[in-house]
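Structure, as structure tokens:
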């Protein structure tokens, strides 16, 4: 009897151990998507940024193209005591001129979220795991209207529901090709007279590779393309054209 009891106990222990090992392995193999937003010091991405600004005061449109370089800098502790990385931002009118540092953002990346502080505004850029259809309020930490909001009396930034639209997709931004990318839709809202639209696409081991951001208002030529009929606001497109590590 004791022999049979020992066999039963041994069997339970072995099964429990194997189950525990399998569970641990499954967890460790799960792809949280951390490398869609890498934070290695010295890594950089160079962008071409095309924009058009609409001014209803004189009915003008100003088109511009600049080059932007973002480089992950040194590590430090933020005001909440968390580990953060500086993001050094440089611009140039052409790729043949010297880069000029114009501001410094920073990134806080935890097991659950990635927050980026831009001009003292804290955005929750990504969540982990970043599975398709995952949703979160990416602007909920912003308590005052940013300068790019046109109508500050009716400013609704905090309720933008960021959504993972697709993941692990091949993507060609017209300059570079990326094998595995993730698309975040931040807002897609329009009416007859306004359009607010913002998306960001990230590539594994690179970071942000495409951004498109619209806030425009137009009350004439209803039905025409927004690029033609917008009277106030802006359209911005940002393309990654090079990346590496220094």
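Output the qualifying pairs, or none if there are none: Cβ atoms under 7 angstrom, residues six or more apart or on different chains, first residue in the range 40-63 and at positive phi, second residue modelled with pLDDT under 95.
42/246
If a residue has to be under 15 Å from residue 39 (Cα atoms), in contact (Cβ under 8 Å) with a residue 40 or more places away in the chain and over 12 Å from the mean Cα position of the chain (by Cα) to count, how many in the range 112-150 make the cut?
The total comes to 1.
If you check residue 100 against the conditions, is it closer than 19 Å to residue 208 by Cβ and at pLDDT 95 or above?
Here the answer is no, as residue 100 does not meet what is asked.
Being surrounded by 10 or more Cβ atoms within 10 Å (Cβ to Cβ), free of Cβ contacts under 8 Å to residues at least 40 places away in the same chain and closer than 17 Å to residue 117 by Cα is the filter here, so list the residues in the range 78-99 that pass it.
Matches in the range 78-99: 78, 82, 83, 84, 86, 87, 88, 89, 90.
Somewhere in the range 37-50, is a residue under 30 Å from residue 227 (Cβ atoms) and surrounded by fewer than 18 Cβ atoms within 10 Å (Cβ to Cβ)?
yes
The values are calculated or read from the model by the stated rules, or taken from the named source; none is laboratory data. Bear in mind the structure is a predicted one, so any value in this text is a computation, not a measurement. Cβ: placed from backbone, ideal geometry, glycine included. Neighbour counts: every protein chain shown.
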